1. What are the pairs, 6+ residues apart or on separate chains, where a residue within region 210-233 that is closer than 21 Å to TYR104 by Cβ and assigned to a strand (DSSP E or B) has its Cβ under 7 Å from a residue that is open to solvent by 20 Å² or more (accessible area, probe 1.4 Å) and basic (Lys, Arg)?
2. Any chance you could count how many residues in region 1-26 are assigned to a loop (DSSP other than H, G, I, E, B) and out of contact with any Pro (no Cβ under 8 Å at 6 or more places or on another chain)?
3. Please determine, by comparing only the residues of region 127-153 that are of a type in the set (Lys, Arg) and modelled with pLDDT of 95 or more, which one is farthest from LEU105 (Cα to Cα).
4. Going by the structure shown, is SER164 at pLDDT below 95 and either open to solvent by less than 50 Å² (accessible area, probe 1.4 Å) or within 17 Å of ASP93 (Cβ to Cβ) (or both)?
5. I'm trying to understand the selection: among the residues of region 167-192, which are in contact (Cβ under 8 Å) with a residue 60 or more places away in the chain and either surrounded by fewer than 16 Cβ atoms within 10 Å (Cβ to Cβ) or among the aromatic types (Phe, Trp, Tyr) (or both)?
6. Can you tell me how many residues within region 126-157 are outside any loop (DSSP other than H, G, I, E, B) and in contact with a strand residue (DSSP E or B) (Cβ under 8 Å, 6 or more places away or on another chain)?
7. Out of the residues in region 228-248 that are small (Gly, Ala, Ser), in contact with a helix residue (DSSP H, G or I) (Cβ under 9 Å, 6 or more places away or on another chain) and open to solvent by less than 60 Å² (accessible area, probe 1.4 Å), state the one that is modelled with the highest pLDDT.
Amino acid sequence: MDIAFTVDAAYFEHAAVAIESILQFEYAKPVTFWMVLADDVRDGARERLVTLVGSRAAVRYVTPAVVAGYGSSTDPYTQHVSDAMYLRLQLVDLLPTTVRRVLYLDADILCVSPGLDSLFDFDLDGKTIGAVRDAFTRRMNDHGGLPRLNDLAHINPQGLYFNSGVLLIDTLAWRERDVRARAESYLEDSASVLRFPDQDALNAVCHRDWYRLDKRWNHMMAWRLEAERDGILSDAVIVHSAGPLKHWQADFPPGRRRDLYSALASKVRAIPERLPTTRRSPRLLIGAESISNTGR
């Protein structure tokens, strides 16, 4: 069960909380976390995550060649997002070819019920990715429309639009269909009108090449699952605080999601960050791949 996060220093601890939320449940399959990091993440933070995970899973750090930037979004709703969002486009190229399926997760998710391993058994029907329809931008022409939509004759403006915060990726199909290069080309051509940059790019190149997953795998309206609305949090497997309001912010509404984040964050913060006394150990950086523990 290969799971990946792509983060910078600002989101690293939140990714650690997301990982702890996953590991609160038992899985029949061994778990490997692939961490693609911007270069501002300290060695001490990396070691801290390894200590937190312990023998429950493997942690592998993968260093991208460069954090590519294609410009900032023109949409005020996404001003909280950094250029680290573009790291996810590099993810598949950085993984060994033995990883045939990887689950990419944003750092602002929480796993709230068991069963995540069953997602890896899904038949994607020949599609490159499995994803959940975006709860707010539901079609290609919603929310102002996909940038350059009128120039993209292959896209139906009424076509469904997915959220890229949870992506089940067939890595062989991704490579064969050259998804990264096509997405980067779209971003270069759209630099002056970026909206939800990498997400728009993936929707543009994977139009009709994605398998629609049930919203319980990426529940973006999880306030409906709170007790005050007579909801059941376990109706979702993954809840996602998409948008500028996050689980860790003081003004995030009280409820089970905030309580869960706080409890998991306390476990993460209980692990001290030991500053390395020497330069980074070769064990922690081997070419482009750094293996931090052996896990299960």
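The values are calculated or read from the model by the stated rules, or taken from the named source; none is laboratory data. What you are looking at is a predicted structure, and each value in this text was computed from that prediction instead of being measured. Every residue, glycine among them, receives a Cβ derived from its backbone with ideal geometry; neighbour counts consider all protein chains shown. All accessible areas refer to the heavy atoms of the entire protein, side chains included, with ligands and DNA or RNA removed. Shrake-Rupley method; radii C 1.70, N 1.55, O 1.52, S 1.80 Å.
1. Qualifying pairs under 7 Å: TRP210/LYS127; TYR211/LYS127; ARG212/ARG133.
2. So the count comes out to 2.
3. Looking at residues that are of a type in the set (Lys, Arg) and modelled with pLDDT of 95 or more, I get ARG139.
4. When the stated conditions are applied, SER164 does not pass them.
5. LEU172, TRP174, ARG175, GLU188, ALA191, SER192
6. Of the residues in that region, 6 qualify.
7. Residues of region 228-248 small (Gly, Ala, Ser): 231, 234, 236, 241-243.
Of the ones still in play, those that are also in contact with a helix residue (DSSP H, G or I) (Cβ under 9 Å, 6 or more places away or on another chain) are 231, 234, 236, 241, 243.
This time we only want the ones that are open to solvent by less than 60 Å² (accessible area, probe 1.4 Å), so: 231, 236, 241, 243.
Numbers: GLY231: 93, ALA236: 98, SER241: 95, GLY243: 85.
Only one residue fits best here, namely ALA236.
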